[in-house]
Amino acid sequence: MLVATVLIPNFAFHVERNRSLNILTSPFLIVERHPKHLTVMDFTPGLPVQVGMKIEKALAKIPKVRLIDADILYYEKTWHEFLDIFQLYSSSIESERLGLAYVDLFDQSQISAEDLSSFISKKQQLSCSLPIQIGIGKNKYLAYIAARRAKPGEPVIAPSNVKDFLAPTSIDYLPISPKSHSALKEFGLLTLGDITHYPIGPMQAQFGNEGRLIWNLAHGNDSRPITNRIQREVITEKMSFASPIDILTTIMVAVEVLLKRIFTHPQRRGRGVMQIDLQANTEKERWTKNIVFRPAQETWTKCLRIIERKLERESFPGGLEDLQIIASELTKELGHQKSLFSNHRKKEQLGELIKTLEVQLGPKPHLWQVREIEPWSRIPERRMALIPFVP
Amino acid sequence: MVKNTGTPYGLNTFRPLNIPEPCNVQMGKHDKPQIITKKHGKSLSVLSIKDTWRVDDEWWTNHPISRQYYTILLENLSRTTIFIDRIGGGWYEQGL
Amino acid sequence: MAYSYIELHAHSNFSLKEGASHIHELTTQAQKLGYPALGLTDHNTLAGSMLFTQTAHSLGLQPILGSEITLANGHHLTLIVRTQKGYENLSHLLSMAHISNDRKNPLLNLKSIPDFAEGLTLLTGCRKGEISAFLAKGQESRALRSVTQYLDWFGSENVYIEMQQNYVYGDTLRNSQLAALAQQMKVPIVATNNVHYHTKNRHRLQDALVAISHNKTLSETHKERRANAEFYLKSQKEMSSLFHQFPDALKNTLKIANRCDFDLKRDLNYRFPNYSVPAGYTPQTHLENLCYKAARRRYGEITPEVRQRLEREFQLIEKHNLAGFLLVYHDIIQEARQVMIDLNLSDPEIPLEERPPGRGRGSSVALLVGYLIGLSHIDPLAFNLKLDRFLSEEMISVPDIDLDFPREIRTPLIERIHQKWGWEHAALAGMIVTYRTRSTIRALAKALGLPNKQISTFTKHMHQIDIKQIGTEINNHPGFKHLANIPSWQHLGELAEQLHGFPHEIAQHPGGMIISSTPLSKIVPIRKGAFEGRFVMEWDKEAIKDAGFIKIDFLALGTLSQMQEALQLIENRTGHYIDLSRINFDDKNVYKMLHRADTIGIFQVESAAQMQAIIRIKPENLFDMALEVAAIRPGVGIHDGITHFIRRRMKSEQWKYDHPLERGPLARTLGIILYQDQVNELAMSIGGFSGADAEQMRRAFHKREKDLLLSAWHQKFIDGAMKKGVPQDIALKIFKKFNGQYMFPESHAFAFGVTAYQMAWIKYYYPLEFYVSIFNQQPMGFWSLETLKEDAKRHGITILNVDVNQSGEKATIYKESLLLGFLHVRKIGKSNTNRIIKARNSNGSFVSVSDFVKRTGLQIDELYNLADAGALDCLGTSRRQIKWKIGLTSQPIPHQASLNLPIEKDLIDLPQQSSLEKMQREYRTTGIYPKGHLLSEIRPYLSRDILPSHKLNKQRHAADVKVAGIVVRRQKPRGKTVFITLEDEFGLIPLVIWEGTYTTLKDILNAPLLVVRGKISRREGTLNIIVEQARMLPDSEYLPQSRNWL
């Protein structure tokens, strides 16, 4: 087997930098939102932070750094577009994470590392400032370590003297649990060379199954196969507002409209939705929210309820000027049965009629409905609104 | 007043209803509305003020609201509601 | 000025998260508007009633008390107090509302009202009143029935239909319906404005408070917020215009006010409990008898001096009827003694005065009677302590006696008191928790909908900045100025300044209890405390003091716990029983130790500022100890008092009195005000004040409304001084020396000075017991465990790591060394400790790692912590090997059943741990490194020109030096200078950083490990380094945390 590892450290950082030149000059952190905290997803190289660090800790080290919300979908889209280049070489490409992929070269010994590197430089669509490191080896791990040692434009091939090649490598580059990493350091085993001093038995006794993996990788043995990547399928719907809205009830009306469109989209028919990303431009900055559904949702009403609960405690950076919903992680097609209830059938028929109108007259909304937004508001113009009708 | 984002009405937009309409009001004794002239309409005298109330809100935003409302009976025996915008100035007519 | 209206329905910020003005703002505005009276009707509380009464009086306003109560059905009613009975009834109704419901949601059952209606006037309430609610739903008959009910309960003269016109949509209609109803039922109407703030522009804060109370943003609380900004205290002209159709509604406000005849200060019915004395005695004679017996024990005989003092005290006690009061305290001390005996901390054979369970503090220490009945540990005759501050002919209020107890005693003692007197007669004092900088910003930021991450950064920055500067910081600071144009950020600055200092909640005072013979619920509303079975009154200590309640403070003092433990350890190790009241208080060895600033761990004199002062003040007796302890207080430092005092004591400063009349009060402190009492003495000798007035004036400096109250006192002082021939400019100069910052009373300073000396004595003669006990009492004091450890080592004490085969729960003495206990190791709490000790006790010492793992069953991370702490060193050669063995023993191979197979085949030789690695892990797991210091590990890697601390003494003034160390303290006491203390392997290094330097180096100076360059500053025997440059050393995340007061 021959494997090429493609490594782009700080991938998200480079994508953001390419996307928006005006942040080129000042350092920034890309922040990922979790239910109860924010963590560093990526950062300007050289900053004293690590991926996964809580934002409070990072800000304590660099209080004046700029913060940017992670746009995972965009990074993933960009990453997969980049990996598409390698389809010419292989049908088996594994994306381990953003910035790290393995390409199964299927023992194409006539392809040299230089050829591969040169090909990438010519073919890549992205800015040449992406620092792509290429490593080649007879298995994933050797190729990975080779990539670690490579420089952009100077690929590395792992030699046959694997033990010497791997000996100085830090255990930080072992794909094992944080607990095992920490334990190895505690025991003073800091490099792969340190590990190779010992037989496999004690390592297994101490670390369990991971002990065997640690020992094998330290000796350059890696039987892990390359698993083909799975690309995300998404459905996106968007709406803009004549005036910024920051009141939850109003936002939920807009969410309802967009969800209805998504759930009536032909691509979604019969399939469950496992993930929703809400994105909006506000008066101040971009806002995003990721919501995962377990189990996958088949109806817009349930989605709406879940989204409403999640947004009740949400703090928006400003009034929303527009709203985009991206549905992804679609399941396989589930059984679809025509409803037996007449009201439901009527709605379905109306929906189909509207689609017919769109085809004949153009895509802009032709049917509108009056909707109560805040009927109790002291400000009369907040009480009702006109929204495009979606059955 | 509610800020306009500049998005043109049309595709995929969301429109509030009952937007206030500007009008002209002449004040009389004790600083009370006396004559109202609607947009593209004729002037009508105010027979009496049935009720008055005040709304002060959204001061923390870019578009604070401060309005003194009046429900008035006009000379043609119709009722309407008007308000004076205490921030931007100007009189408006608005259904309730 | 003629007036036509009185506002009877106003809310202050004691309507928590609802009222948007301080009481003094409301009363001042009322006065400006020409009101003769004002009604305060906070929601479900009378917490602000004392402050309101005093403030109103000082402005010449009649204070009318009341409350807007919430009924069980959610509706509101307004109750106004007419008479003393009415007040008692209102207080009781509010207590019922609080006690029979959820702590945060008091509701009153309507059926409770009839039995407690006497003395109250009912106004039917605001928009949320029952009547308004029924009329809004068209349920006129229900409204009629309710009014009939009210008339039945309160009487036709005491019920009014309440009308409000705030220009809210629906007000006009509602008022016409209410007027019609009033006419139909022949019930008078009354106008109110439901005031929630004193001026119109404060409506913004009121809106924000509503959002805060619902834990939502302003946008989300549209329904809950008021419709407009019309809920301010209006002028009479404005109210007349609003109610021109209902002139009677305005007139009736005057009628209601005229009938209110209750004065809170005059008419409260508080009584201290009576004391049951033995047959044949009165409280006075019983007390005298106890005292004479104790005096014979203490002095051997009743000397003329003792007799004279006792007779004077007995005379004053009898005059003010305090015998029962003192005997109740004596009872409390007896209860405390019993608690000590129950906890094996004392022996019934030891007389009370030899091992007192508590120690008095404050001016009560001056009482000889107190000394004799066990309230204090100080003989006032020996130290010539004046009685007047505590007990005088014209005493205006019953004195407070505050008692310090060891920590272990306090909670059981409070429970015993509750049980002995019952909750209706013994309740805990309240404490008004107010908004501080961080809580202010967070609450408002959430209301304004500001993003969390920006607010986190901003709050961290702002905690060092004055709240008044918040607007300036937003506008100017590079990290935030891009936000300055956003309206919500602009409002944050303005609202934060207003909200800061507002009451936030009513909590329990840490240790104050009120004991009363009258049921407390009739004197001040009682509510449930946070802990089950605790009941708290709504008033804080200021209101309690003003009301003349007797508050007993049970305070827990870590030093007393340390002292108890040290004495016990000394007795165990040496067999010596020590009576600290009989040690040599003039021991030169002890004072020499203090003069060297060898005071780490010693109560009251261990702080960095004290260490700088003590080498200059050089106390040589207990009087000097009192001066030392009193000198480093904010109130003394405010006009550089400390500096001048020290210079005068060192005779390096010429000085004279501003006026000869200062001599009496200030001679003993070299012309500087060091004690609170001296403020009183100056007020009397210069201003001609009586003792009572002097005390009032001094207390006025500490009150929330001080600006208002002090102007009157200021004038009185100047007038009095001039009458005594003191020139006005001198009188003004002397008045300016008074301030509201904290200073000790003289007797308090004595009491603390004696305790400080006693601890110093123990440290000098029994350092091992001193350090073992202070280790066991952490957290307390000024310094971290690591610094205490270094100090112990300098005193020749060896500290031993935890040992699984020797250690106990806490630190103990083992082979003349201090052996750390299991509780010092992270994740080894009490239950794990018990497991280890039980296993050891039942089957003997542990013989191997596997043996330990199996017999104790601890989790792997707990075992690793013990290994890293060195606790298992007795069972293996290297800690890495020990941890490897733990891993093998604790984690059987998954696919194999646990067969207890030997692990030897899986043992390997691991690389040796460096001492730096060991040290880091010991810091991480125990917070200290007994065998050494970080700096000794890294010093070989530092450049040679970095001086160790013990070489600094040889440097001349203004010499350039470089030093390195761990940061153990950061402080910014007042003003802008920052003080940091570094510690290296030889001692402490005090740094001074001027404001400009700190601004430049702030981020670096936050690091735990620093190298600093600066200049030596030598003054009057002190040594500091004035910092010019600093850099961080690569930090270890496991370093002990510094103590920060920035």
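Scanning region A:293-317 for residues that are assigned to a strand (DSSP E or B) and surrounded by fewer than 14 Cβ atoms within 10 Å (Cβ to Cβ) yields a count of 2. For the condition under 20 Å from C:Leu403 (Cα atoms) and part of a loop (DSSP other than H, G, I, E, B), C:Phe531 does not qualify. Beta carbons closer than 7 Å, at least 6 apart along the sequence or on distinct chains, pair a first residue in region C:874-889 that is closer than 17 Å to C:Thr856 by Cα and more than 9 Å from every other protein chain (Cβ to nearest Cβ) with a second that is hydroxyl-bearing (Ser, Thr, Tyr) and surrounded by fewer than 22 Cβ atoms within 10 Å (Cβ to Cβ) for C:Leu875/C:Ser848; C:Lys885/C:Ser850; C:Thr889/C:Ser850.
Scoring A:Gly188 on the criteria (1) more than 12 Å from every other protein chain (Cβ to nearest Cβ); (2) assigned to a loop (DSSP other than H, G, I, E, B) leaves a single failure, condition (1).
Evaluate the following for B:Thr71: is it within 12 Å of chain C (Cβ to nearest Cβ) and under 22 Å from A:Ala385 (Cβ atoms)? It is false that B:Thr71 is within 12 Å of chain C (Cβ to nearest Cβ) and under 22 Å from A:Ala385 (Cβ atoms). Among the residues of region C:981-1026, those identified as in contact (Cβ under 8 Å) with a residue 40 or more places away in the chain and of a type in the set (Val, Ile, Thr) are C:Thr981, C:Ile989, C:Val1011, C:Val1012, C:Ile1016, C:Thr1022, C:Ile1025.
Scanning region C:419-455 for residues that are crowded, with 18+ Cβ neighbours inside 10 Å, among the β-branched types (Val, Ile, Thr) and in contact (Cβ under 8 Å) with a residue 60 or more places away in the chain yields C:Ile432, C:Thr440. Taking residues in region C:350-361 that are assigned by TED's automatic domain parsing to the domain that holds C:Met340, and partners anywhere that are of a type in the set (S, T, N, Q), the pairs with Cβ atoms closer than 6 Å and at least 6 places apart or on different chains are C:Arg355/C:Ser346; C:Gly360/C:Ser376. Residues that are free of Cβ contacts under 8 Å to residues at least 12 places away in the same chain and surrounded by fewer than 23 Cβ atoms within 10 Å (Cβ to Cβ) do not occur anywhere in region C:69-83.
Sub-7 Å Cβ pairs linking a first residue in region C:909-921 that is in the same structural domain as C:Ala869 (by TED's automatic domain parsing) to a second residue that is assigned to a loop (DSSP other than H, G, I, E, B) and hydrophobic (A, V, I, L, M, F, W, C), at least 6 apart or interchain, are C:Leu910/A:Phe187, ordered by first then second residue.
Residues checked against (1) under 24 Å from A:Ala183 (Cβ atoms); (2) in the same structural domain as C:Lys810 (by TED's automatic domain parsing); (3) part of a helix (DSSP H, G or I):
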residue: C:Ser831; (1), (2), (3): no, yes, yes
residue: C:Asn834; (1), (2), (3): no, yes, yes
residue: C:Arg840; (1), (2), (3): no, yes, yes
residue: C:Ser845; (1), (2), (3): no, yes, no
residue: C:Ser850; (1), (2), (3): yes, yes, yes
residue: C:Val853; (1), (2), (3): yes, yes, yes
residue: C:Leu858; (1), (2), (3): yes, yes, no
residue: C:Asp861; (1), (2), (3): yes, yes, yes
residue: C:Leu866; (1), (2), (3): yes, yes, yes
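I want to confirm something. Restricting to region A:63-82 and keeping residues that are surrounded by 16 or more Cβ atoms within 10 Å (Cβ to Cβ) and assigned to a loop (DSSP other than H, G, I, E, B), which single residue is nearest to the other protein chains (Cβ to nearest Cβ)? Applying the filter and picking the extreme gives A:Val65.
Answer yes or no as to whether C:Glu394 is under 24 Å from the mean Cα position of the chain (by Cα) and either small (Gly, Ala, Ser) or more than 16 Å from C:Phe325 (Cα to Cα) (or both). Judged against the criteria, C:Glu394 is not a match.
Note on region B:20-67: residues that are of a type in the set (Asp, Glu) and either outside any strand (DSSP E or B) or within 22 Å of A:Ala385 (Cβ to Cβ) (or both) total 4. Of the residues making up region A:83-118, those that are of a type outside the set (Ser, Thr, Tyr), modelled with pLDDT of 65 or more and either not in a helix (DSSP H, G or I) or not assigned by TED's automatic domain parsing to the domain that holds A:Leu73 (or both) number 12.
For region C:419-451, a residue qualifies if it is within 22 Å of the chain's Cα centre (by Cα) and more than 20 Å from C:Gln206 (Cα to Cα), and the qualifying residues are C:Ala426, C:Ala427, C:Leu428, C:Ala429, C:Gly430, C:Met431.
Among the conditions (1) in a helix (DSSP H, G or I); (2) modelled with pLDDT of 95 or more; (3) within 14 Å of chain B (Cβ to nearest Cβ), C:Glu220 misses just one, which is (2).
For region A:210-249, what are the residues that are part of a helix (DSSP H, G or I), more than 8 Å from every other protein chain (Cβ to nearest Cβ) and not charged (D, E, K, R)? Selection gives A:Gly211, A:Leu213, A:Ile214, A:Trp215, A:Asn216, A:Leu217, A:Ala218, A:Thr249.
Select from region B:12-67 the residues that are over 29 Å from A:Asp246 (Cα atoms) and among the acidic types (Asp, Glu) and write down the one among them that is farthest from the other protein chains (Cβ to nearest Cβ). Looking at the filtered set, the residue picked out is B:Asp31. Take the conditions within 18 Å of A:Pro9 (Cβ to Cβ), touching a residue at least 12 places away in the same chain (Cβ under 8 Å) and within 12 Å of chain C (Cβ to nearest Cβ) and apply them to A:Pro27. Does it pass? Criteria not met by A:Pro27.
Among residues of region A:379-390 that are at the interface with another protein chain (Cβ under 7 Å from one of its Cβ atoms), those with a Cβ under 6 angstrom from a residue that is crowded, with 18+ Cβ neighbours inside 10 Å and assigned to a helix (DSSP H, G or I), sequence gap 6+ or separate chain, pair up as A:Ile387/A:Val257. None of C:Phe502, C:Phe458, C:Phe480 is within 12 Å of chain A (Cβ to nearest Cβ), crowded, with 22+ Cβ neighbours inside 10 Å and among the aromatic types (Phe, Trp, Tyr) except C:Phe458.
Residues in region B:74-91 that are of a type in the set (Asp, Glu) and within 11 Å of chain C (Cβ to nearest Cβ): 0 in all. Among the numbered conditions (1) in contact with a helix residue (DSSP H, G or I) (Cβ under 6 Å, 6 or more places away or on another chain); (2) within 11 Å of chain B (Cβ to nearest Cβ), the only one that C:Leu233 does not meet is (2). Here C:Val187 fulfils each of the conditions (1) touching a strand residue (DSSP E or B) at 6+ places or on another chain (Cβ under 8 Å); (2) within 14 Å of chain B (Cβ to nearest Cβ); (3) not in a helix (DSSP H, G or I) apart from (2). For region C:260-276, the criterion of being farther than 30 Å from C:Asp152 by Cα and among the acidic types (Asp, Glu) is met by no residue.
Under the condition of being closer than 15 Å to A:Leu248 by Cβ and either small (Gly, Ala, Ser) or within 14 Å of chain C (Cβ to nearest Cβ) (or both), the residues counted in region A:272-319 number 14. Being over 30 Å from C:Phe314 (Cβ atoms), of a type in the set (D, E, K, R) and either touching a Gly at 6+ places or on another chain (Cβ under 9 Å) or not assigned by TED's automatic domain parsing to the domain that holds C:His320 (or both) is a description that applies to C:Glu415.
The values are calculated or read from the model by the stated rules, or taken from the named source; none is laboratory data. Since this is a predicted model, take the numbers as computed values, not measurements. Virtual Cβ from ideal backbone geometry, glycine too; neighbours counted across all protein chains shown.
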